[in-house]
1. Among the residues of segment 48-66, is there at least one that is out of contact with any helix residue (DSSP H, G or I) (no Cβ under 9 Å at 6 or more places or on another chain) and under 19 Å from V206 (Cα atoms)?
2. So which residues in segment 142-181 are open to solvent by less than 40 Å² (accessible area, probe 1.4 Å) and without any contact (Cβ under 8 Å) to a residue 60 or more places away in the chain?
3. Exactly one condition in (1) in contact with a helix residue (DSSP H, G or I) (Cβ under 9 Å, 6 or more places away or on another chain); (2) within 16 Å of the ligand (Cβ to nearest atom) is not met by G78; state its number.
4. Could you list all residues from segment 259-272 that are open to solvent by less than 70 Å² (accessible area, probe 1.4 Å) and more than 24 Å from F233 (Cβ to Cβ)?
5. For segment 175-189, give me each residue that is outside any helix (DSSP H, G or I) and over 16 Å from the mean Cα position of the chain (by Cα).
6. Considering only segment 177-231, how many residues are under 20 Å from V340 (Cβ atoms) and of a type in the set (S, T, Y)?
7. Among the candidates F81, F77, which residue alone is touching a Pro at 6+ places or on another chain (Cβ under 6 Å) and either within 23 Å of L161 (Cα to Cα) or of a type in the set (K, R) (or both)?
8. For segment 218-242, which residues satisfy the criterion of being in a strand (DSSP E or B) and surrounded by 15 or more Cβ atoms within 10 Å (Cβ to Cβ)?
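The values are calculated or read from the model by the stated rules, or taken from the named source; none is laboratory data. Note that the coordinates shown come from a computational prediction; the quantities given were computed from them, not determined experimentally. Positions of Cβ are backbone-derived with ideal geometry, glycine not excepted, and every protein chain shown enters the neighbour counts. Quick note on the areas: whole protein, heavy atoms, side chains included, nothing else; ligands and nucleic acids left out. Shrake-Rupley method; radii C 1.70, N 1.55, O 1.52, S 1.80 Å.
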Amino acid sequence: MTELSLRGLTKRFGAYTAVEDVTLDIPNGQFVCLLGPSGCGKTTLLRLIAGLEEPSAGQILVEGADQTDVPTHRRGFGMVFQSLALFPHLTVAQNIAYPLAIRGVGRAAQARRVAELLDLVQLPDLGDRRVHQLSGGQRQRVAIARGLAIDPKVFLLDEPLSALDANLREHMQVELRQLQQRLGVTTVVVTHDQKEALTMADLLIVMDRGRVQQMGAPMDLYRDPANAFVAGFIGSTNLLPGRLVGGVLEVGGQAIRLADGDRVKCAEGAAVLSVRPEDVRFAEAGLPARVSFVRDLGESVQFRLDLDGREVTALFAPRDRPAVGLGDTVHLAFEPGRRVVLAP
Ligand code: ATP
């Protein structure tokens, strides 16, 4: 198990900065998801860690030892790419054995390790198949087994499940997580799918425009986002502009006195209130809004509300469904202790 540290890691392509000044520590055995919108620099950051890109500045450390100038194959990391990059002319067993073969591991030891890995990824009888004779999920497992063959210090995966259909993908998310927990290998996975990240990760790293916006446990990011970008990217949220004056938040002409548990992430003055849909209430008094859409999702009921031309979403459990319908006016209140005040 390995601690991975990045220090001021930066990558420029010409005048464009794809990864900017990333400093963070990933503790031993953690499952980390790198999450962010397309083009934010996730893949570039993973490739820097792997040694497939040379940093413009900064360092990569493993257990405190500088890896920045260590070539990829000497870092002892396992990798799975989005394309899987399996060799079509080799059998499953030969694919899995490949990283061992190029490191000069003897045939008998290769065969033992391959058998172990095939068991691990639950493909015990498929060693002699060719890659094109496998299903998408089976190929995924072969790529994972190959990535784990050298018993890597760090396991790096770039969108490993993106080619799978929704059901299989969910299944593989759980399987990958269970496998990682069993092995305890420090793992970094790139994904742009926040639900996938929430399913698998101990820690999320949310990136935007080459910079880390926030790193933390999924529920900490959900409850305590550092900024409006993270609030909107992890789960869904309502963002309402307001002003923070003397510890009181003014939104839509009403004063909201902040309570214990509410988070304030900005200075006095212009501010944005972030409230999750499940924390919006219909109250006796509050901000008047009109019901513009109601959707029964079975497990929950979603109301969309028009608040002075701004859309607010509220989510209720079916048993708490308020007795209001389309066009009705309601008064919105926001659950004390669950409100986050952010910089605009
Ligand atoms: P996606 O989710 O779409 O894969 P990403 O977050 O993984 O996106 P990166 O692939 O890391 O994003 O790319 C970050 C930015 O750097 C993009 O704007 C991309 O065009 C740019 N970039 C990546 N590789 C190169 C390269 N070799 N030369 C020039 N620009 C590059």
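1. Among the residues of segment 48-66, at least one is out of contact with any helix residue (DSSP H, G or I) (no Cβ under 9 Å at 6 or more places or on another chain) and under 19 Å from V206 (Cα atoms), which makes the answer yes.
2. Selection gives V142, A145, L161, L164, R169, M172, Q173, E175, L176, L179.
3. Condition (2) is where G78 drops out.
4. A259, G269
5. Correct list: G184, V185.
6. 1
7. The conditions single out F77.
8. Across segment 218-242, the qualifying residues are N238, L239, L240, G242.
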